[in-house]
Amino acid sequence: MALQYRAAVLHAAQTPLSIETVTVADLKPGDVLVRIRAAGLCHTDLEVIEGSLRYPLPMVLGHEAAGTVERVGSAARGVKPGDHVVLSWNPHCGHCFYCDRDAPILCEQYLGEGPRGVSFDGGTRARLADGRSLQQLMFLGSFGEYCVVADQQAIPVPNEIPFDRACLIGCGVMTGVGAALNLGAIAHGDTVMVIGCGAVGLAAVQGARLAGAGSIIAVDIDPAKLVLAARIGATQGVDASKDDVIAAAKRETGGRGADVVIEAAGHASALRVTAEAVRPGGQVIWLGKIDVNKDVSFRWGSLMQEKRIRRVSYGNARPRRDFPRLARAYLEGSLMLDELISRRITLEGINDGFAALKRGGVIRSVITFD
Ligand SMILES: NC(=O)c1ccc[n+]([C@@H]2O[C@H](COP(=O)([O-])OP(=O)(O)OC[C@H]3O[C@@H](n4cnc5c(N)ncnc54)[C@H](O)[C@@H]3O)[C@@H](O)[C@H]2O)c1
Ligand SMILES: [Zn+2]
Ligand SMILES: [Zn+2]
């Protein structure tokens, strides 16, 4: 009999997720069946629930997860049953125009199939009790007890890292740390400003610390986030709800502006500030997202003077290289992950978890499956 498992299903935007028993399809040769042990609630999932990020429904959300490999398809490579894995949401073909140009995040197959909410080969891997097929967010759909992924998405990590911390590596931590480390944007001693200190921004603060930044200015509108940012490496905090963020960047740098400004708030006003707060010739890195159909306006002068502005998805991740490296950094004590977990919840508590993320009181809620 086909495996059945509980999953949180989104049937329509702006409605609660419903916990249902769903049925997994037979494994294709390159598939891996993963038993999910922990899954983080990311802002991107919230955007799908709210409808600002649109996908075909019904769908299982969740794209930041860790678990154990339960079964592998006949042609699956690189993983075996029992492995502890962190899941990647960027499968790529390895031989298209963009893969050939070392940009797996732009892979034609990835960008072609992703918006359809299907597996990397274009099929689906689970169905509802009434037989309808179920879409998966970002080739995962990890808000459930199991998840079927392509072999290249299941990345083995050391068994010693607990699942609830390992899962964070799969999206927020990879995105933030990778933005700071993988682009070569930060030189030793640089002044780095990070705007928005949720899970992604706090990871960027840590990435800046690991890259050897001299000053790290954390910016948020929630004072509690600034306290946490200081604990994990920020050298100063700026409350954007009452302080002048641009002035703070200039004060620290003899009037020039920060060498690197990273945006992880996902707000138009924060995106605008990045261009004003960076120095001439400096690097702006945008990680946050707003509704793709909305406009953002900039003062033209703020974009001049050789500023380099780059939108980055997934921190330029190379999961097979980066996930084990990030896990080891945690185990060695240089990457702080415990601090990013505000609550551990059950699958049944998922709607409350998203309500809390929306209110802004949490960094990460992590669902644990015991
Ligand atoms: N680029 C990627 O690959 C990628 C991956 C994951 C998430 N994201 C995006 O990154 C952003 C952050 O994700 P998250 O999960 O950390 O979200 P989050 O909601 O946990 O964090 C956002 C933080 O920004 C703060 N904030 C809001 N408005 C602000 C403002 N005007 N100035 C300063 N701070 C402000 C909030 O108080 C909060 O602490 C989101 O837009 C998310 O969609 C991008
Ligand atoms: Zn995410
Ligand atoms: Zn490709």
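Here the Debye sum runs over all C-alpha atoms of segment 108-182 as equal scatterers in vacuum, and log10 of I(q)/I(0) at q = 0.22, 0.23 Å⁻¹ comes out as -1.13, -1.17. Computed log10 I(q)/I(0) for segment 237-320 at 0.13, 0.22, 0.25 Å⁻¹: -0.42, -1.10, -1.31, from the Debye equation with unit scatterers placed on every C-alpha and solvent omitted. Extension gain, Asp121-Asp222: 0.36 nm per intervening residue step, less the Cα-Cα distance, totals 32.1 nm. A straight line joining the Cα centroids of segment 268-315 and segment 70-113 runs 30 Å. For the listed residue pairs Lys225/Lys250; Lys242/Lys289; Lys225/Lys294; Lys307/Lys358, the alpha carbons are over 31 angstrom apart in Lys307/Lys358.
Computing FRET efficiency as 1/(1 + (r/R0)^6) for His11 and Arg359, where r is the C-beta to C-beta distance and R0 is 22 Å, gives about 0.40. Straightening the chain between Asn293 and Arg132 buys 54.9 nm, computed as 0.36 nm per residue apart minus the Cα-Cα spacing. Compactness of segment 184-311, taken as the C-alpha radius of gyration over 2.2 N^0.38 Å, stands at 0.94.
Extent of the chain along its three principal axes (Cα atoms, max minus min coordinate, largest first): 69, 38, 38 Å. A helix-only calculation puts the chain at -7000 deg cm²/dmol for mean residue ellipticity at 222 nm, using -39500 (n - 2.57) for each DSSP H run of at least four residues, averaged over all residues.
Each of Asp102 and Gln4 was given a label point 7 Å from its Cα along the Cα-to-Cβ line. The distance between the two points is 5.0 nm. The peptide list 299-311, 264-276, put in order of mean Cβ contacts within 10 Å with the highest first, becomes 264-276, 299-311.
Bear in mind these aren't lab numbers, they're just calculated from the coordinates by the rules spelled out. Computed from a predicted model, the values in this text were never measured in an experiment. Neighbour counts are summed over all protein chains in view; Cβ atoms, including those assigned to glycine, are modelled from backbone coordinates with ideal geometry.
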